[in-house]
Each structure stands twice: as structure tokens, then as C-alpha cells.
Amino acid sequence: MSSPSTPARPRVWPLYVGGFLGPFGGAVTNTMLPELAQALHTDLTAASSAVTWYMLPFCVTLLVSGSLAQRWGRGRTIRGGFGLYLVGSLVCVLAQQLPVAAEVPAFMAGRAVQGMGNAFTTPVMVLLLSEFVAGQRLGGALGLFASMQAAGQAFSPLVGGAAADTDYRLAFAFTGLAALLLAVVTPVGRAGGDRSTPTSWRALANPRVAQSSAVAFAAQVTATGITVLAALVATDRFGLSPTARGLVVAFYGVAGLVSGRFAGRLADRWGMRRFGIVALLVLGVAMALVGLTPAVVPLVALLAVIGAAGTAGRILTNTMALRSTPENPGGATSVTMAIQFLGSAAVPALLPLYAVDPLLATATAGGVSALGALVAALPVRPAADRPAR
């Protein structure tokens, strides 16, 4: 039992739940597109843009959200971010009650507000974990956070599809209630969580932020590419049904969920950079082998390896970002995340390669991850170690 003079240990579970909510909300519409199109009196093409309307504002806002959090204070920022997420969820729920011509614009506006809200919470949660968890246990904490993000991505299609069977709005009611809860219970810091500090924008222009961003981009290309390329291989080579290939691809997210905490502890033991570089190389090799898989079982095994390695790679990139800019760690984390998620936008470039040869596409995606490992291995001196000009 702690003495009255000992500060109470902050609760960190809301940070992990928040890590789940972001990817979950982004992908929850993927399996409800027919029902969404019908409810909003539109077509599948318009309904499918719900992901873009979430991701684009998310990535753009990430470029500045971490630095603004330092200026505004972590408490105000994270509560405001969850407040925005709640408002966006409510707009998505209520859009169907508007006149037909306004339904789709209102729904997409709600998705954009959700994306911006998520941009103001995710980097701050990573920053808070680094503050609350001792250095020798930080890898395990970041591993659990990454695994919860993988879980959000893995389970959102299941929950979205189940909600669509009854009413698509149930999914957004769930995200809204979760955001409301997190706005109330998320810790904001040991002291001064609402205290603003000077924001060093110029400090972000340093080689270490560029390095963490490049590594995050490379890892995301491979991690997102597997969800597309594995589904294509499962269909074209093995003739799996949509449900069966969805279950196969789900092994990627489940493996990331299960392995995250363990991977973080290994990183603490072996060294964050060394472990992360090995994980990125494993990620690249396993991705390349997907193009050679002769049966479903090896494909599932490779997806599990890729899910675990991808989560380990995310631990590395989050750590590199946090350590890159002591003057503005939140800004460095949010910039790195913005570049990371732009890696998802590069995945369609793999499809023409797949049309030529599946192995060419998977080897290219794996090569991008290997290139990220090479960038991570480059020695870059901290700003404090470089001579002043």
C-alpha cells in the first residue's frame, strides 16, 4: 500500500482501449458497405469513400496534432480529441434522419471529424505511455499498445458486419460511447496534464524524425499490403470464398494482438533497435514468401509471422519517434504516424505488379520492409550531439 506522500499509480488501461478504438473506427465500415449504401440511398462507390473520409483528415491532422498537444496541454488535447470522436460518431448515427440529399455529405463529414479526433488522441496516448511506464518496461507497454491497435484492425470487420445485420448505426453508437468513456477516464499525466509548454516546431526538422518516419512508412507498406495481396492469393490460387479468405487474413491481426506484449518485452531485453531491425527483416522475408505459398496452411502461418513482426516493427518506430526530439516528442510521434499511414496509400501501386506475377508484388512489398530495416540501422546523431552553427 502506498503512503499518503506516494503518488497513486496512474491507470493505463484507457490508453490501451484508446489504441484499439482508432483502427477499429477507421475500418469498421469495410464490411457494411452494401447496407450503408442502402441506408444512405447511395451506391457502393460513394459508400466505400467512408474510409478515405476518415483516413485523409486523420493523416493531415497528425502532422500538427502532437505539437499542438504540447502547446495546449495533454489533458485538454486528449479530452478534446475524444470529444471530437464522439461528435463525429453522433453525426454518423443521425445522418440517416436528414433529408436524402444531405445524408451522404453529413455521414462523410462525421467520418472526417472522427478521423481528426483520432489524430488528437493517438500520439498523445503514446506520449503518456512513455511518461507512465519506466524505461525498462516501456517496450512491453508499447507492444501491448501496438497489439491493441492490431486487434482494432482485426476485429472491426467482424463487429461492423454484425452491426450491419441489424442496423449499421449500432457500430457508431458503440464508438461514440467508447469515446465518451475514454474522455472521462483517460489519465492526462502525473502533473500538469493541462499545462501548456513551449512548442518547438523547428526542432522537428531533424534527421531522426526523418529516419523514424521513413522506417514507419516502409513497415506500413508491407503491413497493409499483406491484407490486400494475401486476399488476392487466397482467391486466385486457392479459390477461397469471401468468408474463408476473410478468416485467413484475420490471422494477421490476431497474431499481432497475441504477440505484442511478448515482443515488447523481448525488445526491452535485447535492445529496441536491434530487435526492431530483425523484426523488419523477418517481415520482409515472410511477405516475399507469400507469393510462393503452395497451400492455405503455409499462407496462414506466414500471415501469423507477418502480424507478429509488423507489431514488433511498430514498437520500434514509436520508440524512435519518441526519442528523436526531446524538445517536442509529441510532435515527432504525430509526424511519424502521419507518414506511416501514408504508407497505406502506396499499396495500390502493388496491384499492377501482382497482375504481372504475384511473387513480384509480394517480393517488392517485402523489399520495402527490408529497406526500412536498413534505414533503421543507419547511425544518426542526436541533435544535441551535433555542433551548433
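Observations
- P(r), alpha carbons of the stretch 273-365 - 10 Å bins starting at zero, rounded %: 16, 37, 32, 13, 3, 0
- Span from the the stretch 20-57 Cα centroid across to the the stretch 230-264 one, whole angstrom: 21
- Net charge dipole, the chain: roughly 1580 debye, given to the nearest 20, about the Cα centre with Cβ charges of +1 for Lys and Arg and -1 for Asp and Glu.
- Sorting 90, 303, 247 from the fewest to the most surrounding beta carbons within 10 angstrom yields 247, 90, 303.
- Evaluated at q = 0.10, 0.19 Å⁻¹, a Debye calculation over the C-alpha positions of the stretch 6-101 (equal weights, vacuum) places log10 I(q)/I(0) at -0.38, -1.06.
- Estimated distance in nm for a label pair at residue 351 and residue 131, the labels positioned 7 Å out from Cα along Cα-to-Cβ: 4.3
- Residue order, fewest to most beta carbons within 10 Å, for 59, 92: 59, 92
- Here the Kirkwood formula puts the hydrodynamic radius of the stretch 204-378 at 16.1 Å, using every distinct Cα pair.
- Placing unit charges on the Cβ atoms of the charged side chains and taking the dipole of the chain about its Cα centre, the candidate lying farthest along the positive direction among 102, 338, 187 is 187.
- Intensity falloff of the chain expressed as log10 I(q)/I(0), Debye formula with alpha-carbon point scatterers, at q = 0.07, 0.11 Å⁻¹: -0.31, -0.77
- Calculated from backbone phi, Karplus (6.51, -1.76, 1.60) coupling profile of the stretch 166-177 in Hz, x at Gly/Pro: 10, 6, 4, 5, 4, 4, 7, 5, 5, 5, x, 5
- With contacts taken as Cα pairs under 8 Å and at least 6 residues apart, the chain reaches a relative contact order of 25 percent.
- Expressed as a fraction of 2.2 N^0.38 Å, the value expected for a compact globular protein of N residues, the C-alpha radius of gyration of the stretch 13-185 is 1.03.
Any read-out appearing in this document is the output of simple, stated calculations on the displayed coordinates, not a laboratory observation. Fair warning: this is a prediction, and the values are worked out from it, not measured in the lab. In this analysis, Cβ positions are derived from the backbone assuming ideal geometry, glycine residues included, and neighbour counts consider all displayed protein chains.
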